[in-house]
Amino acid sequence: MTDILSARADAPVSQQRRILTAIPGPKSTELQKRRLASVPSGVGSALPVYVERAHGAIVVDVDGNQFIDLGSGIGVMTIGHTNAAVVAAATAQLAEFTHAMFTITPYENYVRVAELLAEHTPGAHAKKTMLINSGAEAVENAVKIARKHTGRNGVAVLDHAYHGRTNLTMAMTFKAMPYKSGFGPFASDVHHAPNSYPFRDGLSGPDAAARTISYLEKKVGASDLACLVVEPIQGEGGFVVPADGYLPALQEWCNANGIVFIADEIQSGMARTGAWFASEHFGIVPDMLLSAKGIAGGLPIAGVTGRAEIMDSPHAGGLGGTFGGNPVAAAAAVAVFDEIESRGLLAEGARIEGILKPGLLELKSRYDVIGDVRGIGAMLAIELVRPGTLDPNPAAVSAIATFAAQHGVIILTAGTLGNVLRFLPSLAISDELLREALEVLGDAFASL
Ligand SMILES: *Cc1c(COP(=O)(O)O)cnc(C)c1O
């Protein structure tokens, strides 16, 4: 593998799993008490171990336990924790200036990130990018721009979608609990349509697309739709990979009907799947592409990249925000692009898939609670069912995730039905750590 860690000779964290205490340990338990008194319970934590340091694919907690991180903070630490180049770029920028407000006095790295996104997103057309702070803000701005461009109101999204937690993006997100319940009323003119979910619907891509399109044409009407927003691989919804031909058919329909086709690549983008953006695997060229999570090594920044003529439709001053494209985050993003490019990290997705997927398929052959193994590159998942049925098995998912955490492996859950285990390791993870994590996972299934 490419030695992503070698740049940091003083690597402060050995790339080893090590459990020294009960999980959570005594110091974490103490912090958790303070947190419960001061942080609202609506802000949950999947695993209440408090982080002290992290490097590469290892997270160290305050009790000295070391975890193999298969979650990467939900696919954010794609090139590894405390990557030396990212740390250096952000540190240098901290000492130069930390804020100027791009809409008052601009700076080069904002422009550089826009250039890099134009270069690395699908399609050779002229593109422009605006930068904001979070994924939800990217979705908000994409919808805003699409509406202004088309003069239409309707927003189409897919069943099982996740697009964020602001008022508009809650409306666009599918799952009520925990994301929406009691938080309405929601933004209007948002329409969910059936997606392609091969494990559950058994439909071919073209058939699933015909169903989606017919639903939207009947329920909303193509001429009232400003945009269709899709995750090429659905994230929170359960790493649902659409059937072949599904996304191209949706794109064709959008193009033919003047609907802005938007790919939400906030989770699937930035080398996560072994391509710069997952859209490439499906042969689609979105009119707009949204990036966030993995783009800046953990610093908050997000991008809306789109066809120049669409991005230029809002009037001067119509787009912006105080912190959007923050100089430190932008410097980190430039370093992330450079690391992926100069270290050839696009190859790491295939390496990780080549170890993890056969391991998961082997577990599937032994445990009939595993109904499906799916995903691309370093974005893989298994869906758990009651053996012999399609009935979801969320209890098994929590049991496995808990067992793994107790044994020093962080594994995230997902899925509208709560029955998916997802694997989002950083590209810096070694073959050895991946194999070790698979062993722990095997023990977890044996213990069910
Ligand atoms: C995480 C996520 C978002 C929201 O991003 P935030 O930064 O949490 O607001 C939107 N879309 C997808 C696909 C995501 O995974």
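Details
- Qualifying residue in region 426-437 (condition: more than 30 Å from residue 82 (Cβ to Cβ), among the basic types (Lys, Arg) and not in a strand (DSSP E or B)): no
- When 188, 204 are checked against the criterion of being among the small types (Gly, Ala, Ser), surrounded by fewer than 16 Cβ atoms within 10 Å (Cβ to Cβ) and within 23 Å of residue 223 (Cβ to Cβ), 188 stands alone in meeting it.
- Counted residues, region 259-268 - those being assigned to a loop (DSSP other than H, G, I, E, B) and either closer than 18 Å to residue 344 by Cβ or away from the ligand (no atom under 13 Å from the Cβ) (or both): 1
- A single member of 320, 298 is part of a loop (DSSP other than H, G, I, E, B), touching a residue at least 12 places away in the same chain (Cβ under 8 Å) and within 13 Å of the ligand (Cβ to nearest atom), and it is 298.
- Residues in region 229-256 that are assigned to a loop (DSSP other than H, G, I, E, B) and within 18 Å of residue 306 (Cα to Cα) were compared, and the one that is farthest from the ligand (Cβ to nearest atom) is 232.
- Any hit, region 210-224, residues being within 16 Å of the ligand (Cβ to nearest atom), closer than 30 Å to residue 382 by Cα and not polar (S, T, N, Q): no
- The listed residue being surrounded by fewer than 17 Cβ atoms within 10 Å (Cβ to Cβ) and either more than 12 Å from the ligand (Cβ to nearest atom) or of a type in the set (Asp, Glu) (or both), out of 119, 140: 119
- Members of region 160-174 found to be crowded, with 19+ Cβ neighbours inside 10 Å and either of a type outside the set (A, V, I, L, M) or in a loop (DSSP other than H, G, I, E, B) (or both), listed by number: 160, 161, 162, 163, 164, 169, 173, 174
- Applying the set (1) outside any helix (DSSP H, G or I); (2) buried (at least 16 other Cβ atoms within 10 Å of the Cβ) to residue 209 leaves exactly one unmet item: (1).
- Which listed residue is in the same structural domain as residue 262 (by TED's automatic domain parsing), within 15 Å of the ligand (Cβ to nearest atom) and under 26 Å from residue 238 (Cβ atoms), from 182, 135: 135
- Screening 303, 221, 283, 274 for residues that are at pLDDT 95 or above, of a type in the set (Gly, Ala, Ser) and crowded, with 24+ Cβ neighbours inside 10 Å leaves exactly one candidate, 303.
- Only listed residue being crowded, with 21+ Cβ neighbours inside 10 Å, within 16 Å of the ligand (Cβ to nearest atom) and small (Gly, Ala, Ser), chosen from 71, 56: 71
- Filtered by the rule that a residue be among the aliphatic types (A, V, I, L, M) and touching a residue at least 24 places away in the same chain (Cβ under 8 Å), region 159-185 gives 161, 168, 172.
The values are calculated or read from the model by the stated rules, or taken from the named source; none is laboratory data. Predicted model only: the values in this text are computed from it and were never measured. Cβ sites come from the backbone with ideal geometry, for glycine too, and all protein chains shown count toward neighbours.
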